[in-house]
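A.B. asks: First, the structure itself, so that you have it in front of you.
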Amino acid sequence: MAAVEMREFRTPLPNTALNVYMRNKRETGAAASADRTLLMVHGATYPASVVFDLPVEGKSWMDDLAEAGFDVWVMDLPGYGRSDRPAEMDGPAEAAEPVITTDTAILAVSAVVNFICAQNRIEKLNLLGWSWGTAIMAGYTQANPQRVNRLALFAPLWLITGTPTIGDPSAKLGAWRGVTKEEAKSRWLRGVPEAAQAALIPPGVFDAFWAQAQSTDPQGAAMNPPALRAPNGVVFDAGRYWMKNAPTWDPGKIECPVLIVMGEWDADTPPSMANKIFPQLTRAKEKRLVLLGRGTHTLALESERHALFEEVRRFFS
């Protein structure tokens, strides 16, 4: 098996002082091609560089894709992970309005896609979004169809009834919100049958995941109790779009092939959301809807993750 090389880059978010972090993995010496180049973006809380590149039993999702011959990229949105944080995140949350909305996230994706296409000398690539990232990647695809080969939506977000799991848009929202380790664990296990909880996450993975995520936010780590800070733009958007029957993208305008994949125990973006999106993909050249057993919203780090990896590899191959 060829060796996998890892490279890191940063590119400016237009019209701001912020830079966006990217990580790339591929087989050493492999030639780049449009159909094997893939960009992945994260959801509302945890950075892509952690979720998609955390070694679980020796190998991350990025490693799996690189070993399968993909030139795979992940990006941390502004305000997350290793990307720059807006100045509003330096002070108390209540001192500023929510930062990093879906529109800003799409601008960041656009900057990163342009960077990757220039780097790899290609005109288009494949996209994968997780959770809120599905709305971001689908929104980008709708606006830039010429740039996208194929689109994968992992645990897709759609219209919300009730209060979202990441925050209450009806409350006064500050610039950011903090998540503690205990809150992260209880959210991960929500909706999982009690008898299945012990085997859901491989041993040591939750602690490793939290340590990696927390290491990207020293300011949050110094809080009491320690917390991972995340921008509140997504919660603001939930209140003005997803809870108001006003999605930020239109499935009927997506023309490239689309994969929707999720776990049966996803309590954050339940399968009912995917079931509403799928029939609206009326112009997609190809579409697949896959429900995987014994998995949650964070299936990528769980015992059944290989089923997810296989579906995504097959779709992009």
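The values are calculated or read from the model by the stated rules, or taken from the named source; none is laboratory data. The model shown is predicted, which means the values in this text are computed figures rather than measured ones. FYI the Cβ positions are ideal-geometry reconstructions off the backbone, even for glycines, and counts take in every protein chain you see.
A.B. asks: Specify which of the listed residues (Ala108, Ala96, Ala118, Ala135) is surrounded by fewer than 22 Cβ atoms within 10 Å (Cβ to Cβ), among the small types (Gly, Ala, Ser) and in contact (Cβ under 8 Å) with a residue 60 or more places away in the chain.
C.D. replies: Ala96
A.B. asks: Kindly provide the set of residues from segment 248-271 that are closer than 23 Å to His306 by Cα and not β-branched (Val, Ile, Thr), ordered by number.
C.D. replies: Pro257, Leu259, Met262, Gly263, Glu264, Trp265, Asp266, Ala267, Asp268, Pro270, Pro271
A.B. asks: Hey, another quick one. Could you check Asn120 against (1) over 20 Å from the mean Cα position of the chain (by Cα); (2) under 20 Å from Thr269 (Cβ atoms) and say which number it fails?
C.D. replies: Asn120 satisfies all of (1) over 20 Å from the mean Cα position of the chain (by Cα); (2) under 20 Å from Thr269 (Cβ atoms) except (2).
A.B. asks: Given Gly79, Gly129, Gly133, which one is under 30 Å from Glu5 (Cα atoms), in contact with a strand residue (DSSP E or B) (Cβ under 6 Å, 6 or more places away or on another chain) and part of a helix (DSSP H, G or I)?
C.D. replies: Gly133
A.B. asks: To continue, here is another question. Can you pull out every residue in segment 28-64 that is of a type in the set (A, V, I, L, M), touching a Lys or Arg at 6+ places or on another chain (Cβ under 7 Å) and surrounded by 24 or more Cβ atoms within 10 Å (Cβ to Cβ)?
C.D. replies: Scanning segment 28-64 gives a single hit, Met62.
A.B. asks: Moving on to the next point. Test each condition in (1) in contact with an Asp or Glu (Cβ under 7 Å, 6 or more places away or on another chain); (2) modelled with pLDDT of 95 or more; (3) not polar (S, T, N, Q) for Ala32 and report the one that comes out false.
C.D. replies: Every listed condition holds for Ala32 apart from (2).
Per-residue answers, yes or no, for (1) without any contact (Cβ under 8 Å) to a residue 60 or more places away in the chain; (2) in contact with a helix residue (DSSP H, G or I) (Cβ under 7 Å, 6 or more places away or on another chain); (3) surrounded by 14 or more Cβ atoms within 10 Å (Cβ to Cβ):
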| position | (1), (2), (3) |
| --- | --- |
| Met243 | no, no, yes |
| Ala274 | no, no, yes |
| Phe278 | yes, no, yes |
| Ala284 | yes, no, yes |
| Arg294 | no, yes, yes |
| His297 | no, no, yes |
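A.B. asks: Among the helices (runs of 4 or more DSSP H) lying completely within segment 150-262, list those that include at least 3 residues that are aromatic (Phe, Trp, Tyr).
C.D. replies: 205-215
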